[in-house]
Amino acid sequence: DFGVSTTTTTTVPATTTTASGPSGPTGTTTTAVPTTTLPPAPLFDNRGVDAHLSVLVAFASAPNIGYRLVAGDGGIFSFGQSGYFGSMGGKRLNRPMVGIDRTPSDQGYWTVASDGGIFSFGDAKFYGSTGGMRLVRPIVGMAATPTGKGYWLVASDGGIFAFGDAKFFGSIGGLPLARPVVGMAVTPTGKGYWLVADDGGMFAFGDAAFFGSTGGFPLAQPIVGMAARPTGGGYWLVARDGGIFSFGDAKFYGGANVRGPQFPITGMAATNAGDGYWVVAQDATVYAFGGAPFFGPTLPLNLFEEVVAIAPS
């Protein structure tokens with residue numbers, strides 16, 4: 001793991017850290033999801049780890065606005081006014097990256113691998129990881145606390161791992177799931193979080209309210225990620241084909257599915273104002289909706305591993 005820490009703090013109860021074996025590639029799969037007509041992953045060479053350059057596009061009229069993409073090999077791509085502070089591109093990884101989040105100052109960020117290894121850059125501090133644990137299921141995402149002094153990791157079985165000032169508010173780890181968890185989002189207070197499964201089933205903990213889900217409804221493609229409104233009053237879900245599902249006070253601004261993405265969608269991020277969102281595909285194509293500005297990519301990135309997540313500045 002990147003960073004050195006002589007003390008680590010975790011508030012994970014024993015029920016969420018108890019391991020029964022090595023990480024598995026998927027979660028529980030007891031119900032069928034329609035097969036996709038999109039190309040299956042991986043879509044790129046996967047020739048080990050390759051360094052990726054940061055792509056910076058400056059907009060004087062839009063200070064401190066942008067987003068970052070992270071690829072499976074740890075490469076970071078920065079757009080707009082998002083700063084580049086380093087990456088794991090070009091370095092050997094035990095497991096592929098699966099998520100990214102930024103610090104409150106936007107002067108740093110964390111990336112997380114599927115074994116829970118945490119890599120810190122800029123002013124992002126290392127508070128601990130599951131990199132040395134034997135996980136029941138792999139980590140699929142992360143979210144930082146509002147203070148930037150901690151973060152949560154979520155596994156595909158719904159297990160939650162809390163570090164730093166991140167508090168544990170509950171999990172579905174150890175419970176039978178129809179479908180694996182694919183992502184999470186945190187409430188504005190940092191006193192709760194949502195988990196989403198790939199059938200769109202929603203699980204709310206702490207002060208996170210339930211506003212609806214697509215669980216139990218037939219989907220053309222499985223859900224791959226979510227983003228929450230800054231009010232805490234709603235959230236969006238995004239499917240592998242770019243379809244968007246809005247709940248609570250989250251408004252629908254459009255979906256990438258009507259544009260026929262060439263590559264599967266891997267994630268989404270909301271603007272800080274909550275008036276729009278970005279959707280990203282495996283080939284780094286970014287789709288902007290509502291008040292979300294488009295910053296790129298405008299140049300070929302020559303990817304060797306697919307983009308797995310997007311985080312706003």
> Applying the selection to the stretch 266-288, what residues are of a type in the set (A, V, I, L, M) and in contact with a Leu (Cβ under 9 Å, 6 or more places away or on another chain)?
Replying inline: Met268, Val280, Ala284, Val286
> Is it the case that Asp198 is touching a strand residue (DSSP E or B) at 6+ places or on another chain (Cβ under 7 Å) and farther than 20 Å from Ala309 by Cβ?
Replying inline: no
> Can you tell me which residue in the stretch 215-243 is nearest to Thr145 (Cα to Cα), limited to those that are open to solvent by 20 Å² or more (accessible area, probe 1.4 Å) and of a type in the set (Val, Ile, Thr)?
Replying inline: Thr231
> So, of the residues in the stretch 130-170 that are among the hydroxyl-bearing types (Ser, Thr, Tyr) and within 16 Å of the chain's Cα centre (by Cα), which turns out to be farthest from Gly74 (Cα to Cα)?
Replying inline: Thr145
>> Could you check the stretch 185-200 and list, in sequence order, the residues that are open to solvent by 20 Å² or more (accessible area, probe 1.4 Å) and within 13 Å of Met226 (Cα to Cα)?
In response: Val186, Asp199
> Scanning the stretch 66-91 for residues that are among the polar types (S, T, N, Q) and not in a strand (DSSP E or B), which turns out farthest from Gly141 (Cα to Cα)?
Replying inline: Gln81
> Of all residues in the stretch 281-290, which are buried (at least 21 other Cβ atoms within 10 Å of the Cβ) and touching a residue at least 60 places away in the same chain (Cβ under 8 Å)?
Replying inline: Gln282, Ala284, Val286
> Would it be correct to say that Ser129 is touching a helix residue (DSSP H, G or I) at 6+ places or on another chain (Cβ under 6 Å) and polar (S, T, N, Q)?
Replying inline: no
> Pick from the stretch 291-313 the residues that are buried (at least 18 other Cβ atoms within 10 Å of the Cβ) and either among the polar types (S, T, N, Q) or assigned to a strand (DSSP E or B) (or both): which of them is nearest to the chain's Cα centre (by Cα)?
Replying inline: Ala309
> Has the stretch 253-263 got any residue that is under 16 Å from Ala143 (Cβ atoms) and modelled with pLDDT of 95 or more?
Replying inline: no
> When the stretch 245-280 is examined, which residues are found to be closer than 23 Å to Ile65 by Cα, outside any loop (DSSP other than H, G, I, E, B) and open to solvent by 20 Å² or more (accessible area, probe 1.4 Å)?
Replying inline: Thr266
> Would you say Phe163 is on the phi < 0 side of the Ramachandran plot and open to solvent by 20 Å² or more (accessible area, probe 1.4 Å)?
Replying inline: no
> Can you name the residue in the stretch 96-136 that is among the charged types (D, E, K, R) and modelled with pLDDT of 95 or more and is also most open to solvent (accessible area, probe 1.4 Å) among such residues?
Replying inline: Lys125
>> Anything in the stretch 109-129 that is in a strand (DSSP E or B) and on the phi < 0 side of the Ramachandran plot? List them, or say none.
In response: Tyr109, Trp110, Thr111, Val112, Ala113, Ile118, Phe119, Ser120, Phe121
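The values are calculated or read from the model by the stated rules, or taken from the named source; none is laboratory data. Nothing here was measured: the structure is a model prediction, and the numbers come from that model. In this analysis, Cβ positions are derived from the backbone assuming ideal geometry, glycine residues included, and neighbour counts consider all displayed protein chains. We work out accessible area using only protein heavy atoms, side chains counted, and drop any ligands, DNA or RNA first. Shrake-Rupley method; radii C 1.70, N 1.55, O 1.52, S 1.80 Å.
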